[in-house]
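To keep things clear, I will list the structure first and then write my remarks on it.
The values are calculated or read from the model by the stated rules, or taken from the named source; none is laboratory data. What you are looking at is a predicted structure, and each value in this text was computed from that prediction instead of being measured. Cβ placement follows ideal geometry from the backbone for every residue including glycine, while neighbour counts extend to all protein chains displayed. Ligands, DNA and RNA are stripped out before the accessible areas are found, and what is left, the full protein with its side chains, is counted by its heavy atoms. Shrake-Rupley method; radii C 1.70, N 1.55, O 1.52, S 1.80 Å.
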Amino acid sequence: MCGIIGYVGSRTALPLILEGLKNLEYRGYDSAGIAVISNDQLRIKKDVGRVDRLLADPNFNKTKGVIGIGHTRWATHGKVCVENAHPHTDCTEKIAIVHNGILENFRELKSELLKRKHIIRSETDSELIAHIIEEYLKIKPTFLDAFSEALKRLEGSYAILAIKADEKVILGAKKSSPLVLGVSEHGIFISSDIPSFLEHTKNVVYFHDGDIVKASPDGFNVFSNEAKVHRPIDTIDWDVEQVKKGDFDHFMLKEIMEQTETIQRAIQQDETIVKQISEAFKSAKGIFFVGCGSSYHACLAGSYVFSKISNLHVNVCLGSEFENFEHFLTPETLVVAISQSGETADTLGAVRVAKKKGCKILTIVNVMGSSLMREGEVSLLLKAGPEMCVLSTKTYTSQVALLTLLAFVVADRLEDGKNEMKKLWLEIYKLTSRTMREHIRKLAHPMINAEHVYLIGRGLQYTTALEAALKIKEVSYIHAEAFAGGELKHGTLALIEEGTPCIVFVSGENNKIIQNVHEIKSRGGVIIGVSPQQNEIFDFWIKVPEVGLLSSIIQIIPIQILSYYLAVLKGLDPDRPRHLAKSVTVE
Ligand code: F6R
């Protein structure tokens, strides 16, 4: 989705906003723009494409001014063009706003504003906000009053920042879209996400839905229901190096390599809390794991390990489908919502359905202070550090590792679980070694021209196949489809042609999957085996260790690496796949 950032302080705002926007690009990158107050005038620059395009104008780059706002867009309302890029202004061009979210009453607001003769220049819903503030400024004494009246007219989700040419403040507000404030020594940042200002401060303030913030060079105030409220300053333990590529060409590879450490951090949880959670699992009448995309695949893997390790049945549901099962929810149901960002609208929607039914809610997120974290009675953090690549890699394996740990706790085998997982560190180190990467790169070469790739596995390996297919398609744009090994013969086998690459995940003594591989091979498929043992049927073998029920943490890693090289060898940017945004805050 879109990323927004504002700065007010003692330094020149423009370079700080540009730098912040670059770290928000994972939220959307089809257009970008900045507005700065300079000599009581708004100076605005916007363009289609990446943030770097804004740097192309040397005149604008000299703009002074200590207050500014910026936006990087993932189009929802209106095509990708300069007019639709943010910031948007009112008719007088004195007010500029940036917005992340969707206004549901857009049509009604637009026709009302058009009747009042406002000049609407874009197709976006966001522009209307500037005009509504303009309207209220005619009857309200202050910018803050007009801003807060305008918010009452908005239905839908929003994180908004607004500035006015003759005011030394930034106003911000949030409802169902992320917004966080950073307090640095030289000024205040307000942004969609912490990486945008991590270089300047680790001191952050999280807002509640409905909060309005007024930030000036002297500090900030937060209001809720028109009264001043206190929101504490927290310190985030993220490291500034984590939002930099360092020696790597791309965040994707850097984050794949980090998994040796992130897995360790994921299972370092407060034992008292984890044991309380375990009681909630044991006493629940009905358990649901809910997530989207890779987080959904982690839920699926989790359901297999819960079945096998703790003998507990877990229902798994996509966030967007969850409401269909609301009839089965009671106050005794435990709903575990899993999300890297903690801002995915579909997952948040599911949790709200569950809350209405009085269910117990556990959330597992990577981003501290995120909306989902606040929705749960209990929340566990993945501690993977910021994930800058649009694709989930390290956070997926952290999710599976944490769910596996919980399965051990529920089985009263916490120590066993920890000991088993300790064995993984070295294995992940080996799987991400230069030798292994080179081996996988050789496989990627002939695959870049493939139109289709099929992936199969049984049991836990089936869930890995699903996640692996998502990785390949989202970053290389090659069609990749995963099946439970037994399912292929029920239809898809018809698609196998001479030379079709098929990736098979093998673990243990699972001979049935090898039988499925024979079915593919005899129809011309080229077999890539991800397996602890070599098998003569493999055309290419990626050796992985045998780690039994922990295999979904391990076996995905070679395919993350393969996906990375498929993208790089095709000349694509693995960190920013087309049409995608990391945090999907619309339903
Ligand atoms: C895949 C990917 C997405 C996310 C999905 C959910 O690589 O990144 O499929 O997994 O959008 O996001 P979170 O986990 O933030 O809820």
For the stretch 3-236, shape from the Cα gyration tensor axes a ≥ b ≥ c, cut at a/c of 1.5 then a/b versus b/c, turns out rounded
Counting only protein heavy atoms and rolling a 1.4 Å probe, one gets per residue an accessible area for the stretch 433-577 in Å² of 39
Counting only residues 5 or more apart in sequence or on a different chain, those whose built amide H sits under 5 Å from that of Val316 are Phe289
Here the stretch 373-528 gives, from Cα atoms, an Rg and Dmax in Å of 18.0, 53
Over the stretch 245-422, the quotient of the Cα radius of gyration and 2.2 N^0.38 Å is 0.98
With +1 on the Cβ of every Lys and Arg and -1 on the Cβ of every Asp and Glu, the dipole magnitude of the chain about its Cα centre, in debye rounded to the nearest 20, is 400
The answer for Ser379, listing residues at least 5 apart or on another chain whose modeled amide H is closer than 5 Å to its amide H, is Thr363
Here the stretch 539-548 yields Karplus 3J(HN,Hα) values (6.51, -1.76, 1.60; θ = phi - 60°; whole Hz; Gly and Pro given as x) of 7, 9, 10, 10, 7, 10, x, 7, 10, x
Extension length gain for Lys543 and Lys357 (0.36 nm per residue less Cα distance), in nm, is 62.3 nm
Along the stretch 327-332, Karplus-curve 3J(HN,Hα) (6.51, -1.76, 1.60; θ = phi - 60°) to the nearest Hz, with x for Gly and Pro, reads 4, 9, 8, 9, x, 8
With +1 at each Lys and Arg Cβ and -1 at each Asp and Glu Cβ, the charge dipole magnitude of the stretch 433-577 around its Cα centre, to the nearest 20 debye, comes out at 240
Under a 1.4 Å probe, counting only protein heavy atoms, Ser224 has an accessible area in Å², nearest 10, of 30
At q = 0.10 1/Å the base-10 log of I(q)/I(0) from the Debye formula over the alpha-carbon atoms of the stretch 245-341 is -0.36
Given pairs Lys202/Lys383; Lys285/Lys360; Lys45/Lys110; Lys64/Lys174; Lys175/Lys214; Lys45/Lys94 and cut-off 18 Å on Cα-Cα distance, the over-length ones are Lys45/Lys110; Lys64/Lys174
Rounded to whole Å², per residue accessible area for the stretch 230-328 with a 1.4 Å probe reads 49
If one compares the long axis through the Cα atoms of helix 414-431 with the longest principal axis of the Cα atoms of the chain, the angle in degrees, nearest 10, works out at 90
Probe 1.4 Å, heavy atoms of protein chains only: per residue, the accessible area of the stretch 139-210 in Å² is 31
In terms of the charge dipole of the chain, which places +1 on Lys and Arg and -1 on Asp and Glu at the beta carbon, the residue among Cys389, Ile273, Leu42 farthest towards the positive end is Leu42
Taking N as the number of residues in the stretch 181-291, the ratio of its alpha carbon radius of gyration to 2.2 N^0.38 Å works out to 1.45
Going residue by residue through the stretch 154-167, the Karplus relation 6.51 cos²θ - 1.76 cosθ + 1.60 with θ = phi - 60° gives ³J(HN,Hα) values, rounded to whole Hz and with x marking Gly or Pro, of 8, 10, x, 10, 7, 10, 10, 10, 9, 10, 9, 3, 9, 10
Taking every DSSP bridge whose two residues both lie in the stretch 245-422, the antiparallel percent to the nearest 5 is 0
Rounded to a whole %, the carbon-and-sulfur portion of the accessible area of the chain at a 1.4 Å probe is 49
Note to self, the chain gives a 222 nm [θ] from helices alone (DSSP H runs n ≥ 4, -39500 (n - 2.57) apiece, / all residues, nearest 500) of -10500 deg cm²/dmol
Sorted largest first, the C-alpha extents of the stretch 108-239 along its principal axes in whole angstrom are 50, 29, 26
The answer for Asn535, listing residues at least 5 apart or on another chain whose modeled amide H is closer than 5 Å to its amide H, is none
Expressed in angstrom, Rg and Dmax over the Cα atoms of the chain are 24.9, 80
Contact order relative to length for the chain, counting C-alpha pairs under 8 Å separated by 6 or more residues, stands in percent at 12
